[in-house]
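J.: Here you go, one structure.
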Amino acid sequence: MKKDIFTEILLFFDSKDVSYKLHKHKPVITSREAEEVKLTDALGVKSLLFKTEKSKILLVLPGSKKVSSKKVRALLKVKDVRMVSAEEVLSTMGCEVGGCYPLGFICGVNMIVDESVQESDWIIFNIGRRDMSVEMSWEDFERTVPFEIADLTQSLSG
């Protein structure tokens, strides 16, 4: 098992001089649960671990949207893309589903952020625990975390 991911993430942001605010809340697993405990006006983003026939990929998107498998398959030039199991999340990311964090480099996985996320000034996301989130400026996130940007999503209704 990996070391404490929560602490590792905070140490990373501290080492990069990132200003952030921690939020303790009731444990959440789904985007709907996270929306119910909304603590701030920052955009809530979710991190979802997927698998293709080539590799695993971490997709980061607003909690109000869902992944478009068609867009992701085309972008990655793969035939199949699916969410991994809870066991694979734990073994790859060192956390439970609901605690996934948007820092693919920490777990050795490439990461793609949906282009709509960059429209927000502030984002909030889980950091290895279901009961803790961190809020920071998009500018600080973009400056310190390696990722690609692409159109990955569709609305939850579509």
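J.: Would a scan of region 70-88 turn up a residue that is touching a Gly at 6+ places or on another chain (Cβ under 9 Å), in contact (Cβ under 8 Å) with a residue 24 or more places away in the chain and either surrounded by 19 or more Cβ atoms within 10 Å (Cβ to Cβ) or not acidic (Asp, Glu) (or both)? Working first, answer last.
T.: Here is the first cut: in region 70-88, the residues touching a Gly at 6+ places or on another chain (Cβ under 9 Å) are none.
No.
J.: Which condition from (1) in contact with a Leu (Cβ under 9 Å, 6 or more places away or on another chain); (2) closer than 21 Å to PHE13 by Cβ; (3) among the charged types (D, E, K, R) is the one that GLU142 breaks?
T.: (1)
J.: Within region 6-20, is there a residue that is part of a strand (DSSP E or B) and closer than 13 Å to GLU135 by Cα?
T.: Yes, region 6-20 has at least one match.
J.: Another question about this same structure. Every residue in region 10-33 that is in contact with a helix residue (DSSP H, G or I) (Cβ under 9 Å, 6 or more places away or on another chain), within 18 Å of TRP122 (Cα to Cα) and crowded, with 16+ Cβ neighbours inside 10 Å, please.
T.: Those that are in contact with a helix residue (DSSP H, G or I) (Cβ under 9 Å, 6 or more places away or on another chain), within 18 Å of TRP122 (Cα to Cα) and crowded, with 16+ Cβ neighbours inside 10 Å: PHE13, VAL18, TYR20.
J.: Right, something else. Do the conditions hold for VAL97, that is, is it buried (at least 20 other Cβ atoms within 10 Å of the Cβ), in contact (Cβ under 8 Å) with a residue 40 or more places away in the chain and hydrophobic (A, V, I, L, M, F, W, C)?
T.: Numbers: buried (at least 20 other Cβ atoms within 10 Å of the Cβ): no; in contact (Cβ under 8 Å) with a residue 40 or more places away in the chain: yes; hydrophobic (A, V, I, L, M, F, W, C): yes.
Taking the combined requirement at face value, the residue does not satisfy it.
J.: Would you check if there is a residue in region 21-39 being among the small types (Gly, Ala, Ser) and more than 18 Å from the chain's Cα centre (by Cα)?
T.: No, region 21-39 contains no residue that is among the small types (Gly, Ala, Ser) and more than 18 Å from the chain's Cα centre (by Cα).
J.: Also, quick follow-up: So if I check each of SER120, SER133, which one is in contact with a Pro (Cβ under 9 Å, 6 or more places away or on another chain), of a type in the set (Gly, Ala, Ser), more than 12 Å from LEU49 (Cα to Cα) and in contact (Cβ under 8 Å) with a residue 60 or more places away in the chain?
T.: SER120
J.: Is it true that some residue in region 36-44 is acidic (Asp, Glu) and closer than 24 Å to SER91 by Cβ?
T.: Scanning region 36-44, I find no residue that is acidic (Asp, Glu) and closer than 24 Å to SER91 by Cβ, so the answer is no.
Read-outs: derived from the displayed coordinates by stated rules, not from any lab. These numbers were taken from a predicted model, which means no experiment stands behind them. Cβ atoms come from the backbone with ideal geometry, glycine included; neighbour counts cover every protein chain shown.
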